[in-house]
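Chemist: Submitted below is the structure of interest, expressed as structure tokens.
The values are calculated or read from the model by the stated rules, or taken from the named source; none is laboratory data. Owing to the predicted nature of the structure, the values given are computational and were not obtained by experimental measurement. As a convention, Cβ positions derive from the backbone with ideal geometry for all residues, glycine included, and neighbour counts pool all protein chains shown.
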Amino acid sequence: MDYLGEVFALGMDAVIFAVCLRQYVYYKNAVKAIKDVEIHEVGPNLDTLLANEPGNKRYVGVRGVVRPLGEPLKSINKSDVTGVIQKLTIQEHVVARTSAGFWSDEQRIIQTIYNVVPFVLQKDWYSVEVIDPLSADVLNLDVISDHFEPTVPTLVDHIWGFFTGIRQRGLQSTEKMLREDSVITVVGELSSSETKSNFLTLQLPLNGSPFCITSMSVTALIRKLDNRTKVYRILCLMCGTVGLLFGGIVARRYWKNKQEQRLAEELRQSLEASRQERRQRVRDSDLREDQICVVCKTNAREIILLPCGHVCICEDCSASINNNCPICRTQITQKAAAYIV
Ligand SMILES: [Zn+2]
Ligand SMILES: [Zn+2]
């Protein structure tokens, strides 16, 4: 197939476009959902809020102080910091040679570890448990430590780097935490616990609305989500343009090919017609035995076989005779039209 490359590129582009479009729609809806959401402090008002709701469920934002249920997690870098979610990341910084021959900085995540303990949002005697916080779409954590350890390259590393196109610069280890006692807003589905009475939970909404755990204000959160919407909109536009461009190129090439094929077919038909006419003329003039094709015994001899030089077959028969001359059995290297007048 002629268009395999283009069709493959078009397919890839379509996949990327679909992913970006999905993200764009998701974030657009997320911004809308969060703009409409009410923010409440943890307190008895949440119970009254749920009492009026069918199914005892409601999508709301709840503000409160983070308190672990049980022992909190301890920071591994700062012993006085405790929290309920801990994210440890090790990133490798390398300088890699690009396909264009330049060297560019790249970061690769080697490992990410999450540690979580159950926690609640609390105020006075009231609390709401946050279920499965890692499923949150927005999860803001404080950076507790960020450490970069540069690699000291040896001569072997330099040589190795030259051949492989990758030079190591160093390792960055980051620790982030959701601190104990910090005031945060959790936007999610508020419902009363099925197991414990008088106990409220906040979790990922089943209807696809975003689940956010953040210390930011709602306006800042909306701005953040809005920025993501813009990024995906730009990506969608880019992929769309590339897709249209590729589609145009493929359509143009297809149309051109079709036209070339049509012209070639027209040419072939006109040649065939003139050959038929020529034959008819020859046949009309009563062919002698030595002028008739030795294979079909009908048409005139029209083809010269080389290198032996025998003119013994017609054009139709020559299509199926490619190896040896039917007269002298010499290997055929070339065939050409012969005009006997
Ligand atoms: Zn023939
Ligand atoms: Zn021959």
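Chemist: Any idea which residue in the stretch 269-279 is farthest from Glu302 (Cα to Cα), counting only those that are at pLDDT below 90 and under 55 Å from the mean Cα position of the chain (by Cα)?
Modeler: Step by step, filter the stretch 269-279, then rank; the result is Ser270.
Chemist: Does the stretch 109-125 contain at least one residue that is over 21 Å from Ile184 (Cα atoms), assigned by the TED database to the domain that holds Arg63 and of a type in the set (D, E, K, R)?
Modeler: No.
Chemist: From the list Arg108, Arg97, which residue is exposed (fewer than 12 other Cβ atoms within 10 Å of the Cβ), of a type in the set (Lys, Arg) and more than 25 Å from Phe199 (Cα to Cα)?
Modeler: Unique residue meeting the criteria: Arg108.
Chemist: Please enumerate the residues belonging to the stretch 77-126 that are within 30 Å of Pro44 (Cα to Cα) and either of a type in the set (Lys, Arg) or not in a strand (DSSP E or B) (or both).
Modeler: Val117, Pro118, Lys123, Asp124, Trp125
Chemist: Right, here's the next one. Which one is surrounded by the most Cβ atoms within 10 Å (Cβ to Cβ), of the residues in the stretch 322-341 that are within 11 Å of ligand 2 (Cβ to nearest atom) and closer than 25 Å to Glu272 by Cβ?
Modeler: Looking at the filtered set, the residue picked out is Ile332.
Chemist: For the stretch 137-148, give me each residue that is surrounded by 12 or more Cβ atoms within 10 Å (Cβ to Cβ) and part of a strand (DSSP E or B).
Modeler: Val138, Leu139, Asp142, Ile144, Ser145, Asp146, Phe148
Chemist: What pairs come out if I take residues in the stretch 280-299 that are over 21 Å from Cys328 (Cα atoms) and at pLDDT 75 or above and pair them with residues that are within 16 Å of ligand 2 (Cβ to nearest atom) and hydroxyl-bearing (Ser, Thr, Tyr) whose C-beta lies under 8 Å away, six or more apart or interchain?
Modeler: none
Quick grid of which residues meet (1) of a type in the set (A, V, I, L, M, F, W, C); (2) modelled with pLDDT of 90 or more; (3) within 24 Å of Leu202 (Cβ to Cβ):
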{"residue": "Asp2", "(1), (2), (3)": "no, no, no"}
{"residue": "Val25", "(1), (2), (3)": "yes, yes, no"}
{"residue": "Val31", "(1), (2), (3)": "yes, no, yes"}
{"residue": "Ile39", "(1), (2), (3)": "yes, no, yes"}
{"residue": "Ala51", "(1), (2), (3)": "yes, no, yes"}
{"residue": "Gly64", "(1), (2), (3)": "no, yes, yes"}
{"residue": "Lys87", "(1), (2), (3)": "no, yes, yes"}
{"residue": "Arg108", "(1), (2), (3)": "no, no, no"}
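Chemist: Let me ask something else. What are the pairs, 6+ residues apart or on separate chains, where a residue within the stretch 132-150 that is assigned by the TED database to the domain that holds Pro210 and without any contact (Cβ under 8 Å) to a residue 60 or more places away in the chain has its Cβ under 9 Å from a residue that is acidic (Asp, Glu) and not in a loop (DSSP other than H, G, I, E, B)?
Modeler: Val143/Glu175; Asp146/Glu175
Chemist: With (1) in a loop (DSSP other than H, G, I, E, B); (2) closer than 29 Å to Gln107 by Cα; (3) in contact (Cβ under 8 Å) with a residue 24 or more places away in the chain; (4) not polar (S, T, N, Q) as the list, and Gly208 as the residue in question, which single condition is left unmet?
Modeler: Here Gly208 meets the rest and fails (2).
To keep it simple, each residue is scored yes or no on (1) in contact with a Leu (Cβ under 7 Å, 6 or more places away or on another chain); (2) surrounded by 12 or more Cβ atoms within 10 Å (Cβ to Cβ); (3) more than 17 Å from Ala336 (Cα to Cα).
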| site | (1), (2), (3) |
| --- | --- |
| Ile249 | no, yes, yes |
| Leu263 | no, no, yes |
| Leu271 | no, no, no |
| Arg275 | no, yes, no |
| Cys293 | no, yes, no |
| Cys296 | no, no, yes |
| Arg301 | no, yes, no |
| Val311 | no, yes, no |
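Chemist: If Leu134 satisfies every condition in (1) under 29 Å from Thr229 (Cα atoms); (2) modelled with pLDDT under 90; (3) aliphatic (A, V, I, L, M); (4) exposed (fewer than 14 other Cβ atoms within 10 Å of the Cβ) but one, which is the exception?
Modeler: Single failed check for Leu134: (2).
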